1. How much length is gained if the chain between R151 and M1 is pulled fully straight, taking 0.36 nm per residue apart and subtracting their Cα-Cα distance, in nm to one decimal?
2. Quick check: Cα centre of the stretch 88-115 to Cα centre of the stretch 21-49, how many Å?
3. Go ahead and estimate [θ] at 222 nm for the chain from helices alone: -39,500 (n - 2.57) per DSSP H run with n ≥ 4, summed, over the residue count, rounded to 500.
4. How far, in nm, would the chain grow between D75 and K132 when pulled straight, counting 0.36 nm per residue and subtracting the alpha carbon separation?
5. Along the charge dipole of the stretch 99-185, which of P181, G127, V168 sits closest to the positive end, that is, farthest toward it, with unit charges on the beta carbon of Lys, Arg, Asp and Glu (+1, +1, -1, -1)?
6. What does the C-alpha gyration tensor say about the overall shape of the chain? Classify as rounded when a/c is under 1.5, otherwise prolate if a/b is larger than b/c, or oblate.
7. Run the numbers for C30 and V239: contour at 0.36 nm per residue of separation, minus the present Cα-Cα distance, in nm.
8. Quick one: dipole size for the chain, taken about the Cα centre, charges +1 on Lys/Arg Cβ and -1 on Asp/Glu Cβ, in debye to the nearest 20.
Amino acid sequence: MIRIAAVGDIHMAPETRGLLRPAFDTLPECADVLLLAGDLTRHGTPEEARVVADEIRGLGVPVVAVLGNHDHHDDRPDEVAALLRDAGAQVLEGEGTVVDGGGARIGVAGTKGFGGGFVGRSAGEFGEPVMKEFVRHSRRCADGLRTSLERLEEGCDVRIALTHYSPVPETLAGEPLEIYPFLGSYLLAEAIDTAGADLAVHGHAHAGTEHGMTTGGVRVRNVAQPVIGRAFHVYHLPVPERLRSGAGAQATTG
């Protein structure tokens, strides 16, 4: 099995330094990769990013991350991303990467994503310039995710979509309905279904629900730490059959 560890919304700060490291040190025993689904800091300061960097440095498994809205709050996301990269993480925004693990090549395509809402109750690209830009930003994020997933298609054995904002409303269940448009966008799900993926992972919805699915049947998991209630959760994807016998196989998750 290919073992995917994932968590989001850890909101690290100087006073939480070292809190997750004991659990993260066990990752080589139970996982092939660690995915970080954004909101890694509280306010997006370099000081907080250094705390996250110390938590993930030299873990013994690849670390792939996207940033969240909290990581943008101090208007220094590039500095936050650079500090995480210096610690060995691959930080994605409209990009993909392939890591080796579990006897397979694991492809991860990532974007922060953005809001806008879901089918039947979503914002439209109409009216004031600021509203148009809101929707256009969501669309750019989704387009970047779709393109990066498509580029991974021939270079890996399984593909995972990693976002901060949710692609589906099901994993928001428990959050107030009034804020759904600020928690995710159906455009992300459209991108995932168009390009194809074996698993989609996101955070952001602290009061949400872990399990969901896109219209196209891709499993979606909300890994915000308040939802999963632990340092990380591990999902299992079967090693593609072709790696064992030369044939293809459908991936599932636990």
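The values are calculated or read from the model by the stated rules, or taken from the named source; none is laboratory data. Keep in mind the model is a prediction, meaning the values are calculated, not measured. FYI the Cβ positions are ideal-geometry reconstructions off the backbone, even for glycines, and counts take in every protein chain you see. Remember, those area values only see protein heavy atoms, side chains included, never the ligands or the DNA or RNA. Shrake-Rupley method; radii C 1.70, N 1.55, O 1.52, S 1.80 Å.
1. 51.6 nm
2. 14 Å
3. Rounded to the nearest 500, the figure is -8000 deg cm²/dmol.
4. Between D75 and K132, full extension yields an extra 18.4 nm.
5. G127
6. Oblate shape, in that a/c is at least 1.5 and b/c is the bigger or equal ratio.
7. This chain segment gains 73.7 nm when fully extended.
8. The calculation lands at about 440 debye.
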